[in-house]
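Below: one structure, written as structure tokens.
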Amino acid sequence: MSELSRIIEIAKNTISLEAESVASLANNINDDFVEIVNLIHNSKERVIITGIGKSGVIAMKIVATMNSTGTPAVFMHAAEAIHGDLGIIQENDLVICISKSGNSKEIKELVPHINRRGNTLIGMTGEKDSFLAKKSNYLLLTPVKKEACPNDLAPTTSTTVQLAMGDALATVSYTHLRAHETSLHL
């Protein structure tokens, strides 16, 4: 196989793997998703989105999308939160915590603080039996079979799936908000 063919094959496999994972994500749109949309819609406060590593980068993008579509959102770095930035979270803010495994050291340190504060915690994780999943009020399940990385290590497929779930949440929240505003004006 030529180098050109190998490059093309790897690229196509990456895109196919990620596309299949995103497509299967539709199976995880459930009652929790609907409840989360309603919580965001009915909230007078902000959505705080947190994560660590590449999940943190995805959290920042979801925050930007939510702000662009009219949902007040703020990014909170998970590691910085346990070193004083928890003050970002106000009494009635919703908190979305993103983690592929749901079991990282930072998440295990952060989640109990959020739980003690009494904020609604929404976990977005690929592991339904993880620490984050068990400690969350609501769960957005984002499992993947395999990362696109040749060593199955670098967050590739998992972050694509997290991004898609975040976009679904932001767009539905926006559409739900606009539909409600339109019905008020009729």
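Some points to look at:
Let's see how each residue does on (1) more than 15 Å from Ala133 (Cα to Cα); (2) within 15 Å of the chain's Cα centre (by Cα); (3) not in a helix (DSSP H, G or I):
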| residue | (1), (2), (3) |
| --- | --- |
| Ala19 | yes, no, no |
| Val22 | yes, yes, no |
| Asn27 | yes, no, no |
| Leu86 | yes, no, no |
| Glu109 | no, no, no |
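- Test: Lys100 is over 19 Å from Asn28 (Cα atoms) and at pLDDT 95 or above: no
- Hey, Thr65 over 20 Å from Glu127 (Cβ atoms) and either free of Cβ contacts under 8 Å to residues at least 24 places away in the same chain or part of a helix (DSSP H, G or I) (or both) or not: yes
- Residue in segment 106-118 that is open to solvent by 40 Å² or more (accessible area, probe 1.4 Å) and either among the aromatic types (Phe, Trp, Tyr) or modelled with pLDDT under 90 (or both) present: no
- Of all the listed residues (Gly166, Gly126), the sole one being under 26 Å from Ala23 (Cα atoms), open to solvent by less than 10 Å² (accessible area, probe 1.4 Å) and modelled with pLDDT of 95 or more is Gly166.
- Here Val95 meets each of (1) more than 13 Å from the chain's Cα centre (by Cα); (2) within 14 Å of Ile48 (Cβ to Cβ) with one exception, condition (1).
- Only one of the numbered conditions (1) over 13 Å from the mean Cα position of the chain (by Cα); (2) within 20 Å of Ser104 (Cβ to Cβ); (3) hydroxyl-bearing (Ser, Thr, Tyr) is not met by Thr50, and that is (1).
- The residue pairs whose first member lies in segment 8-24 and is hydrophobic (A, V, I, L, M, F, W, C), whose second member is surrounded by 12 or more Cβ atoms within 10 Å (Cβ to Cβ), and whose beta carbons are closer than 7 Å, counting only pairs six or more residues apart or on different chains, are Leu17/Lys146; Leu17/Ala148; Leu17/Thr157; Val22/Thr160; Val22/Val161; Val22/Ala164.
Rundown of residues vs (1) over 18 Å from Ala168 (Cα atoms); (2) out of contact with any helix residue (DSSP H, G or I) (no Cβ under 8 Å at 6 or more places or on another chain), yes/no style:
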site	(1), (2)
Val63	no, yes
Ala73	no, no
Ile82	yes, no
Cys97	no, no
His113	yes, no
Glu127	yes, no
Ser130	yes, yes
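- Listed by first and then second residue, the pairs with beta-carbon distance under 7 Å, at least 6 apart or on different chains, first residue in segment 146-161 and open to solvent by 70 Å² or more (accessible area, probe 1.4 Å), second polar (S, T, N, Q), are Lys146/Thr157.
- Of the numbered criteria (1) surrounded by fewer than 20 Cβ atoms within 10 Å (Cβ to Cβ); (2) in contact (Cβ under 8 Å) with a residue 60 or more places away in the chain, the one Thr50 fails is (1).
- Residue among Asn103, Asn115, Asn151 that is within 22 Å of Lys44 (Cβ to Cβ) and out of contact with any Pro (no Cβ under 7 Å at 6 or more places or on another chain): Asn115
The values are calculated or read from the model by the stated rules, or taken from the named source; none is laboratory data. In this text, all values refer to a predicted model and were calculated from it rather than measured experimentally. A quick note on method: Cβ atoms are made from the backbone with ideal geometry, for glycine too, and the neighbour counts reach across all protein chains shown. Only protein heavy atoms, including side chains, enter the accessible area calculation; ligands, DNA and RNA are left aside. Shrake-Rupley method; radii C 1.70, N 1.55, O 1.52, S 1.80 Å.
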